[in-house]
1. Just the residues that are at negative phi, in contact (Cβ under 8 Å) with a residue 60 or more places away in the chain and outside any strand (DSSP E or B), please, taken from the stretch A:8-45.
2. Take residues that are of a type in the set (Phe, Trp, Tyr) and within 14 Å of chain A (Cβ to nearest Cβ) and tell me which of the helices (runs of 4 or more DSSP H) falling wholly in the stretch B:108-219 contain 1 or more.
3. Which residues, taken from the stretch A:46-68, are within 13 Å of the chain's Cα centre (by Cα) and assigned to a loop (DSSP other than H, G, I, E, B)?
4. Quick one: is A:Ala169 at the interface with chain B (Cβ under 9 Å from one of its Cβ atoms), assigned to a helix (DSSP H, G or I), of a type in the set (A, V, I, L, M) and within 24 Å of the chain's Cα centre (by Cα)?
5. Here are the criteria: (1) farther than 30 Å from A:Trp110 by Cα; (2) without any contact (Cβ under 8 Å) to a residue 60 or more places away in the chain; (3) among the hydroxyl-bearing types (Ser, Thr, Tyr); (4) touching a Gly at 6+ places or on another chain (Cβ under 7 Å). Tell me which single one B:Tyr171 does not satisfy.
6. Residues to consider are B:Trp195, B:Trp203; find the one that is without any contact (Cβ under 8 Å) to a residue 12 or more places away in the chain and closer than 28 Å to B:Ile134 by Cα.
7. Given the conditions (1) within 18 Å of the chain's Cα centre (by Cα); (2) closer than 30 Å to B:Leu210 by Cβ, report the number of the one that B:Ile160 does not fulfil.
8. Assess whether A:Met113 counts as being within 30 Å of B:Thr213 (Cβ to Cβ), facing chain B (nearest Cβ under 8 Å), in contact (Cβ under 8 Å) with a residue 24 or more places away in the chain and not in a strand (DSSP E or B).
Amino acid sequence: MPDTATSAESIITVRGLGKRYGDFQALTGVDLDVRKSEVTCLIGPSGSGKSTLLRCMNFLEAYEEGEVRLDGELIGWQEGSSGPRRPLPGRRLREQRRHIGMVFQQFNLWPHMSALENVAEALVQVQGMTKAEANGRAMAALEKVNLKDKAGNYPSALSGGQQQRVAIARAIAMEPRVILFDEPTSALDPELVGEVLNVMKAMATEGMTMVVVTHEMGFAAHVASRVAFLDHGRLVACVPPPEIFGADPADPRIRSFLQTYRERNVV
Amino acid sequence: MELDLFVRYGPALLHGFGITILCWIAGSLGGMALGFLIACIYQWSGRWIRGLLQAYIEIVRGTPFMIQLFILYYGGPHFGLLLSPVEAGIAGFVVYGSPYFAEIFRAGFASTPKGQFEAARCMGFSEWTIVRRIVLPQMLVSITAPLTNFVIILTKETAILSVVTVPELLYETQTMAAETFTYVEPFLVLSLFYWAMVEFTSWLGRRVELRVTRHLRRA
């Protein structure tokens, strides 16, 4: 069932969200509340719209129907006015995006910059800090992900897990109100998944608001406050983890999805 | 070798060399800038503007440099465009080089992974900052060689400027040859000048390449 929590404690509210690519309806009527200091995991089969939903939240995908609000502010579109919606001017959209961090499946670190430069770059270019201030903040962020000693390394000299932790530090350093994770461990070798999940767990403990698209059911079951299950572009449920990972989930779609994981003894 | 010839014609040759260098550097930089601008506009616009830019590229690339120079220098006055030979030479170089440079930069944009743009966009970078700080340094890794290549081609295209009476190197050399009836020495020296320009360009290209590939070599 769609989330019915009051939006007072929500940071992100999604209402009636719809997105289509040509003839393909990627999302249909999605309602979701992301609450402050909680971890919300988005799970579901491939092509169910998890990543699209996540990317609508910072307008990397321009959604056509419905709305996404960050602390009440409509993301990406101009408020009000009748007729067809008009996109926000670039400057306003950039201002909104500063408060929404994002971590990608492929890390997307900038290869020509060292770990420290990757983290400090936006602080200088977007937040207008001096280089010294930015480096100080960047170093603190790298320390949080246990990579202080790799600050001078280029991404090509880091393992996948280390690269992803630099990407997380890059997001943290901006002090966003929420961080979006798009399958942050899917591109990693299995033995490197743990170090990234541990960093994310620590962030959750510190009260960072996080939205995580993931195939790591263990993480969803043990770290998430709420788990949203999507199927064919619709939100099937957004509930505390036990209601999904418990003995007998209500919805048959959830049951069949989890079956594949149970067969591999993952959950 | 009649070296005393060079004592007499040396100043004229050096002056010609100076004009050649001026047209070459101003033309290359201008053409590169215009090409980069075209590639940027192409990258951020819709179908119609892309179509127009593509037409410009095809037309300029599809006509000989000499014809373009004739049109600029001899045809220009009909449209109120009065250029001195050197001005026409530089303008001609900028126009002639721009589509080639534009195509090189366009390939550079196309080869930059989408995620590189996205990572910057979702942090609030402006598009220009993304180009300047994120995309350009990365594309230089792969486009420095073709850029160098084309600037080398342009060194030798400067000789064509003599047809619109730009007093460049070839023009001065021809004058010297015609007045003294010596051909081997002047043209040998002429070749040396071009060779020096080409060597300098490829040296510069290597330096730039070393600089922009630092992150690929150092741990």
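The values are calculated or read from the model by the stated rules, or taken from the named source; none is laboratory data. Please read all numbers here as calculations on a predicted model, not as lab measurements. Cβ atoms come from the backbone with ideal geometry, glycine included; neighbour counts cover every protein chain shown.
1. Within the stretch A:8-45, A:Lys36, A:Glu38, A:Pro45 meet the criteria.
2. B:114-121
3. Taking the stretch A:46-68 as the starting set, the residues that turn out to be within 13 Å of the chain's Cα centre (by Cα) are A:50-60.
Within the stretch A:46-68, A:Asn58, A:Phe59, A:Leu60 meet the criteria.
4. Here the answer is no, as A:Ala169 does not meet what is asked.
5. (2)
6. When all the criteria are applied, what remains is B:Trp203.
7. All conditions pass for B:Ile160, except number (2).
8. Details: within 30 Å of B:Thr213 (Cβ to Cβ): yes; facing chain B (nearest Cβ under 8 Å): yes; in contact (Cβ under 8 Å) with a residue 24 or more places away in the chain: yes; not in a strand (DSSP E or B): yes.
Yes; evaluated as a whole, the condition is true for this residue.
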